[in-house]
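Encoded as structure tokens, the structure appears first; notes follow it.
The values are calculated or read from the model by the stated rules, or taken from the named source; none is laboratory data. Just so it is clear, the structure is predicted and the values come from calculations on it, not from any experiment. So basically every Cβ, Gly included, is an ideal-geometry build from the backbone, and we count neighbours across all protein chains shown. Protein only, heavy atoms only, side chains kept; ligands, DNA and RNA dropped before computing areas. Shrake-Rupley method; radii C 1.70, N 1.55, O 1.52, S 1.80 Å.
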Amino acid sequence: METQEMQFPYTSLTKTELAQLYLPEFTAAVARRKLNAWIVRNRQLTDCLQQTGYSSRLHLLTPAQVKYIVHYLGEP
């Protein structure tokens with residue numbers, strides 16, 4: 001019997017929704033701040049996100065931005 005791996009769904013998500021997938025034990029605000037800090041510390045990720053029009057002030061992430069974040073930070 002062959003099994004298929006589940007793949008993370010690359011859809012539009014708010015930054016808070018994605019942050020809470022990574023850090024469900026934290027409040028929404030704390031999880032969002034931590035995700036922002038991880039993004040800032042990862043220069044390659046920041047560069048890729050900026051090419052998509054990303055700004056730290058954005059609330060809604062595009063599927064492409066979510067894909068970059070998951071690629072560089074791993075699946076939540």
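Here are the numbers for this structure:
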item	result
Some residue of the stretch 36-55 being hydroxyl-bearing (S, T, Y) and modelled with pLDDT under 95	yes
Cross-chain or 6+ apart pairs with Cβ under 8 Å, the stretch 62-76 first and of a type in the set (K, R), then modelled with pLDDT under 95 and not in a helix (DSSP H, G or I)	K67/Y10
Considering residues of the stretch 33-65 that are assigned to a helix (DSSP H, G or I) and in contact with a Ser or Thr (Cβ under 7 Å, 6 or more places away or on another chain) only, the residue nearest to T16 (Cα to Cα)	N36
Hey, L60 open to solvent by less than 30 Å² (accessible area, probe 1.4 Å) and either of a type in the set (S, T, Y) or at pLDDT 95 or above (or both) or not	no
Condition check for T46: open to solvent by less than 70 Å² (accessible area, probe 1.4 Å), without any contact (Cβ under 8 Å) to a residue 12 or more places away in the chain and among the β-branched types (V, I, T)	yes
Pairs where the first residue, in the stretch 9-36, is among the aromatic types (F, W, Y) and the second is surrounded by 14 or more Cβ atoms within 10 Å (Cβ to Cβ), C-beta under 6 Å, 6+ apart	Y10/V66; Y10/K67; Y22/P76
Filter result (of a type outside the set (G, A, S), surrounded by 14 or more Cβ atoms within 10 Å (Cβ to Cβ) and not in a loop (DSSP other than H, G, I, E, B)) within the stretch 19-32	Q20, L21, Y22, R32
